[in-house]
Amino acid sequence: MTATATSSPGLVEDTPPTGSAGLAGIVVDTLTEAGRHLRIIPRNIELLIFATIQPVMFVLLFSFVFGGSIATPSGFRDYDQYLMPGIFAQTVVFGSAFTSIGIAEDLSKGFIDRLRSLPIAQSSVLIGRTISDLVRNMITFVTMLLVAFLLGFRFEGSLLAALGATALLLFFSYGLSWVQALIGLSVSSVEAANSAGFIWMFPMTFVSSAFIDPENLQYAWLRTVADWNPFTKVTNAARALYNGTDTGNNIEWSIAWAVGMIVVFAVLATRKFNQISD
Amino acid sequence: MVAVQTYGLKKHYGDTKALDGLDLEVQRGSVFGLLGPNGAGKTTAVKVMTTLARPTAGTAIVDGINVSENPKAVRSRIGLTGQYAAVEERLTGQENLELVGRYFHYSKASQKARAAELLEMFDLVDAASRPAKTYSGGMRRRLDIAMSLVARPSILFLDEPTTGLDPRSRIAMWDFIAKLGDEGTTVLLTTQYLEEADVLAEKIAVIDSGLKIAEGTSDQLKDQIGGDRVRVSIVKRENIAKAREAIASLTMGVVEQDPESPLTLSAPIRAGERVVPEMIRALDAAGVDVADVEVRRPTLDDVFLTLTGHQAEPQESVEEARL
């Protein structure tokens with residue numbers, strides 16, 4: 001080793017200062033990165049409170065405000081059974097915005113440069129980030145389910161189907177995390193990430209089947225948009241699974257969209273990441 | 001022994017030539033200063049040497065490894081502290097240091113032991129279990145540098161380590177950097193503060209517009225523009241010729257009369273301070289009353305002005321905005 005008297009005398013036992021190569025290295029580095037993000041969640045009390053309040057608020061707000069004024073679509077016990085899967089879907093999709101904000105924060109404080117100067121598997125930075133946001137979304141999901149259950153929401157299908165619905169929603173939001181990763185790497189500030197990561201989610205989640213039956217939309221073109229909206233597909237799939245009804249081809253569509261987003265945006269985001277300080 | 005070497009290093013962003021053929025040679029175990037004003041290309045040079053940016057042309061060899069050919073090997077031998085204190089604010093100082101140990105796949109025990117050493121070294125023991133966001137600017141920078149040293153890098157790159165610090169923290173930071181140098185760490189630091197390069201760096205490369213325009217020790221650079229000058233002010237105007245005669249043999253060149261003051265003479269001298277007493281004795285012996293004798297060493301500001309034709313203009317703002 002060429003390390004001269006680089007550090008103070010009295011060194012500890014030496015582990016070679018190089019990352020392990022290959023897949024094992026990627027796994028270890030990814031866990032380190034995901035761990036870095038997850039550890040700070042309980043320390044950011046404000047964020048934790050808002051991240052908990054938001055889904056609870058969504059569930060209560062939509063249930064109480066829309067519950068009385070929107071006719072329950074046929075085939076559902078009550079509006080909550082129809083609405084809740086839509087709110088679950090919307091909340092996890094909104095949760096993916098943490099990815100762009102988190103990456104933009106790391107960029108602005110120079111942490112990405114620090115990581116890029118370390119001998120770690122570089123892919124672990126984005127994978128670790130998206131995985132930690134997936135875990136965060138799972139926590140949100142549990143909170144939401146509890147509130148929904150208190151309001152009377154029930155799994156009308158099998159427990160397995162309900163688990164499948166939950167997994168599908170989380171997988172879809174994981175795909176969106178990669179879209180958000182590209183956004184976070186592309187914007188110039190945390191504030192910009194905050195708007196760029198959120199703004200398109202409003203039309204995506206509202207022009208969909210999340211809250212209403214798209215058949216009731218007043219313009220034909222809007223109905224077409226809603227029908228083809230990937231968010232409608234994943235909402236319909238989850239709704240059918242939670243209620244034990246026919247899923248049609250919505251599960252296939254949802255998985256295809258999620259896989260497509262992961263493949264395309266992982267490539268784009270990784271390329272962007274490698275050029276970030278160049 | 002050479003720690004860092006660059007040949008004809010170029011980095012162009014479209015029409016902007018951030019680096020335009022930079023040649024550097026940093027000896028092992030020395031503190032090397034890369035001095036230049038805003039936009040001179042200092043940060044770009046560091047980014048290329050630390051594998052963050054790819055050179056448009058030219059070669060950079062760090063610790064014997066070509067950065068373009070084997071960036072990962074370079075990364076395991078360097079430490080980088082950028083312009084922004086890149087610490088994880090919600091983790092404590094100790095956790096931040098252990099985190100870097102984890103990136104290097106150290107065992108838990110090694111992570112802890114190394115963190116303890118560095119906390120001690122950078123005077124952060126008392127703050128070790130506080131979140132980094134409660135740290136002052138100077139403490140953050142110290143933690144930042146400590147994080148860069150976890151894996152005992154062969155070469156430490158410090159990009160403007162004191163920019164944005166208040167004067168007291170800046171001087172404290174100088175002590176830490178000087179200590180690293182004394183212990184034999186190779187440090188390449190960039191700075192736009194001439195005084196900083198003067199105090200810390202054994203060798204300085206002055207860069208402007210992506211090119212090296214001068215290199216040497218602080219003294220060599222100062223000598224390039226003519227060494228020390230003495231200014232003698234006398235009390236009575238009629239004694240000016242006598243005074244000139246009295247000091248002439250002690251100076252290195254022409255004794256000039258100050259255009260703005262008929263009572264003041266100036267001349268280049270060698271080894272400033274020791275000449276002054278002799279000069280005063282000579283003037284006294286000639287019966288000339290002296291009002292003031294001043295020896296002026298040229299500053300690096302003078303060097304910069306002479307070399308580039310413009311002032312170095314240090315600014316508090318962050319240089320070379322992120323691209």
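The values are calculated or read from the model by the stated rules, or taken from the named source; none is laboratory data. Not measured: the values here are computed from a predicted model. Reconstructed Cβ throughout: ideal geometry from the backbone, glycine too, with neighbour counts over all protein chains shown. Surface accessibility is based on the protein's heavy atoms, side chains included, excluding ligands, DNA and RNA. Shrake-Rupley method; radii C 1.70, N 1.55, O 1.52, S 1.80 Å.
Can you give the accessible area of residue A:212 in Å² (nearest 10), computed on protein heavy atoms with a 1.4 Å probe?
Counting only protein heavy atoms, residue A:212 exposes about 50 Å² to solvent.
Can you find, among A:260, A:157, A:220, the residue farthest towards the positive end of the dipole of chain A? Put +1 on the C-beta of Lys and Arg, -1 on that of Asp and Glu.
A:260
For segment B:18-100, divide the Cα radius of gyration by the Kirkwood radius and give the resulting Rg/Rh value with two decimals.
Values: Rg = 14.7 Å, Rh = 14.6 Å.
That ratio is 1.00, to two decimals.
Where in chain A are the DSSP H helices whose alpha-carbon span along the long axis reaches 30 Å or more and whose Kyte-Doolittle mean is at least -1.0?
Passing helices, by number: A:45-67, A:123-150, A:159-186, A:250-274.
Full extension from residue B:252 to residue B:56: what is 0.36 nm times the residue separation minus their Cα-Cα distance, to one decimal in nm?
Net length gain for the segment: 65.8 nm.
How well do other chains shield peptide B:87-95, expressed as the mean number of their Cβ atoms within 10 Å of each residue Cβ?
Whole-number average of other-chain Cβ neighbours for B:87-95 is 4.
If the viscosity is 1.306 mPa s and the temperature 10 °C, what Stokes-Einstein diffusion coefficient in µm²/s follows for segment B:228-296 when Rh is the Kirkwood radius over Cα pairs?
Rounded, D is 138 µm²/s.
Mind checking how much accessible area A and B bury in total, 1.4 Å probe, in Å² rounded to 100?
Approximately 4600 Å², summed over both chains.
Simple spin-label model, 7 Å along Cα-to-Cβ: residue B:171 to residue A:65 in nm?
Computed distance between label sites residue B:171 and residue A:65 equals 6.0 nm.
I'd like the FRET efficiency for residue A:54 and residue A:275, computed as 1/(1 + (r/R0)^6) with the beta carbon distance as r and R0 of 35 Å, rounded to 0.05.
On the way: r = 34 Å, r/R0 = 0.97.
Given R0 = 35 Å and the Cβ-Cβ separation, E is 0.55.
Determine the distance separating the Cα centre of segment A:55-80 from the Cα centre of segment A:31-49; give it in Å without decimals.
Using only Cα atoms, the two centres lie 32 Å from each other.
Which log10 I(q)/I(0) values, to two decimals, does the protein assembly as shown give at q = 0.05, 0.07 Å⁻¹ under the Debye formula with one point per Cα?
Treating every Cα as an identical point scatterer, log10 I(q)/I(0) equals -0.33, -0.57.
If you roll a 1.4 Å probe over the protein assembly as shown with all protein chains in place, what percent of the accessible area is carbon or sulfur? Can you show the working numbers first?
Details: 15020 of 25490 Å².
Percent of accessible area from carbon and sulfur atoms in the protein assembly as shown: 59.
Not counting the cut sites, what is the longest span of chain B without trypsin sites (Lys or Arg not before Pro) that DSSP labels loop and that have at most 13 other Cβ atoms within 10 Å?
Working: sites that count: B:236, B:270.
That would be B:1-235.
Can you list which of the trypsin sites (Lys or Arg not before Pro) found in segment A:89-180 are DSSP loop residues with at most 14 other C-beta atoms within 10 Å?
A:154
What is the distance, in nm, between label points placed 7 Å from the Cα along the Cα-to-Cβ direction at residue A:215 and at residue A:45?
Inter-label distance under the simple model: 5.1 nm.
Name the lysines eligible as straight-distance cross-link partners of residue B:203: C-alpha to C-alpha under 29 Å, and not fewer than 8 places from it in the same chain.
The reachable lysines, counting only those whose Cα sits under 29 Å from residue B:203, are B:10, B:11, B:17, B:42, B:47, B:72, B:179, B:212, B:222.
Using DSSP to define loop residues, name the GluC sites (Glu not before Pro) in segment B:205-284 whose beta-carbon has at most 13 other beta-carbon atoms within 10 Å. Write out the running numbers ahead of the final one.
Working: sites: B:215, B:238, B:245, B:256, B:260, B:273, B:278; in loops: B:260.
Loop-located and lightly packed - B:260.
Quick one: if you stick a label point 7 Å off each Cα along the C-beta vector at residue A:76 and residue A:194, how many nm between them?
For the pair residue A:76/residue A:194, the computed spacing is 3.3 nm.
Which residues, if any, in segment A:245-278 lose at least 50 square angstrom of accessible heavy-atom surface (probe 1.4 Å) when the other protein chains sit next to their chain rather than the chain being alone?
A:277, A:278
So what does log10 I(q)/I(0) come out to for chain B at q = 0.14 Å⁻¹, using the Debye formula with one equal point on every Cα and no solvent?
Calculated log10 I(q)/I(0) at the listed q: -1.03.
May I have the pair-distance distribution P(r) for segment A:24-274, computed from all Cα-Cα distances with 5 Å bins from 0 and rounded to whole percent?
Going out from 0 Å in 5 Å bins, segment A:24-274 shows 1, 6, 13, 18, 19, 15, 12, 8, 5, 2, 1, 0 percent.
Amide H to amide H, which residues 5 or more places from residue B:39 or on other chains are under 5 Å from it, using H placed in the peptide plane?
The answer is B:320.
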